[in-house]
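Student: This is the structure I have questions about; it appears just below.
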Amino acid sequence: MTIIAWDGKTLAADKQSTCAGHASTVTKIHRTQTGLVGFAGKASHARALLEWFNAGAPLERWPASPDRDNWADAIVVCPSGEVREYVGNGGGHYELVEDAFCAMGGGRDYALAAMYLGKSAREAVEVACALDITCGMGIDTLELE
């Protein structure tokens, strides 16, 4: 599972990937030409989406997951500060996030509660990692430049 959190300034994520009972360390947030991008879900689809975002996210080249029941979701923070949420096999279409902060992944509820109580995105990820056994193995953060 995953926790990705955005507090209006910082995008933060845990580093744990879990597959078939084995945990490994991965990077879930990236800086692309589209902006800051964080992924939750199927790793192979996340990798295809990362390449798509690095190519400028052309709608006609959306990389649908070959496994219709197993895909990646993404939070994108554009250079303008606009926050977009791409969910599953949505064909490249997104929802604009108008809230001051947002989170995605298995630790989402913990992180949202922490940010609601005034914690930063990094602190929210720390809270989620402390309370959700599927999150952990370190934290990465990125800020808009």
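The values are calculated or read from the model by the stated rules, or taken from the named source; none is laboratory data. Keep in mind that what you see is a predicted model, and the values were worked out from it rather than measured. Please note: Cβ atoms are built from the backbone with ideal geometry, for glycine as well, and neighbour counts cover all protein chains shown.
Student: Taking the stretch 18-44 as the search range and keeping residues that are small (Gly, Ala, Ser) and closer than 17 Å to residue 3 by Cα, which one is surrounded by the most Cβ atoms within 10 Å (Cβ to Cβ)?
Tutor: The selected residue is 38.
Student: Taking the condition among the hydrophobic types (A, V, I, L, M, F, W, C) and either modelled with pLDDT under 95 or more than 15 Å from residue 12 (Cβ to Cβ) (or both), does residue 139 pass?
Tutor: Against the criterion (among the hydrophobic types (A, V, I, L, M, F, W, C) and either modelled with pLDDT under 95 or more than 15 Å from residue 12 (Cβ to Cβ) (or both)), residue 139 does not qualify.
Student: Let me ask something else. Looking only at residues in the stretch 27-75 that are outside any loop (DSSP other than H, G, I, E, B) and of a type in the set (Asp, Glu), which one is farthest from residue 96 (Cα to Cα)?
Tutor: Among those that are outside any loop (DSSP other than H, G, I, E, B) and of a type in the set (Asp, Glu), it is 51.
Student: Another question, if that's okay. Only residues in the stretch 30-51 that are at positive phi and of a type outside the set (Lys, Arg) count as the first member; pair them with residues that are surrounded by fewer than 20 Cβ atoms within 10 Å (Cβ to Cβ) and assigned to a strand (DSSP E or B), Cβ under 9 angstrom, at least 6 apart or cross-chain, and list the lot.
Tutor: Listed by first residue and then by second, the contacts come to 35/84.
Student: OK, next. For the stretch 45-93, give me each residue that is small (Gly, Ala, Ser) and loosely packed, with under 12 Cβ neighbours inside 10 Å.
Tutor: Within the stretch 45-93, 56, 80, 81, 91 meet the criteria.
Student: For the stretch 2-24, which positions are assigned to a strand (DSSP E or B) and under 14 Å from the mean Cα position of the chain (by Cα)?
Tutor: Selection gives 4, 5, 6, 10, 11, 12, 13, 14, 16, 17.
Student: Quick one: which of 104, 115 is touching a residue at least 40 places away in the same chain (Cβ under 8 Å), under 10 Å from residue 5 (Cβ atoms) and touching a helix residue (DSSP H, G or I) at 6+ places or on another chain (Cβ under 8 Å)?
Tutor: The conditions single out 115.
Student: Can you say whether residue 99 is part of a helix (DSSP H, G or I), under 15 Å from residue 5 (Cα atoms) and out of contact with any Pro (no Cβ under 6 Å at 6 or more places or on another chain), as far as the supplied structure shows?
Tutor: Against the criterion (part of a helix (DSSP H, G or I), under 15 Å from residue 5 (Cα atoms) and out of contact with any Pro (no Cβ under 6 Å at 6 or more places or on another chain)), residue 99 does not qualify.
Student: Restrict the check to the stretch 125-140 and report whether at least one residue is surrounded by fewer than 22 Cβ atoms within 10 Å (Cβ to Cβ), in contact with a helix residue (DSSP H, G or I) (Cβ under 7 Å, 6 or more places away or on another chain), free of Cβ contacts under 8 Å to residues at least 60 places away in the same chain and assigned to a loop (DSSP other than H, G, I, E, B).
Tutor: Within the stretch 125-140, none of the residues are surrounded by fewer than 22 Cβ atoms within 10 Å (Cβ to Cβ), in contact with a helix residue (DSSP H, G or I) (Cβ under 7 Å, 6 or more places away or on another chain), free of Cβ contacts under 8 Å to residues at least 60 places away in the same chain and assigned to a loop (DSSP other than H, G, I, E, B).
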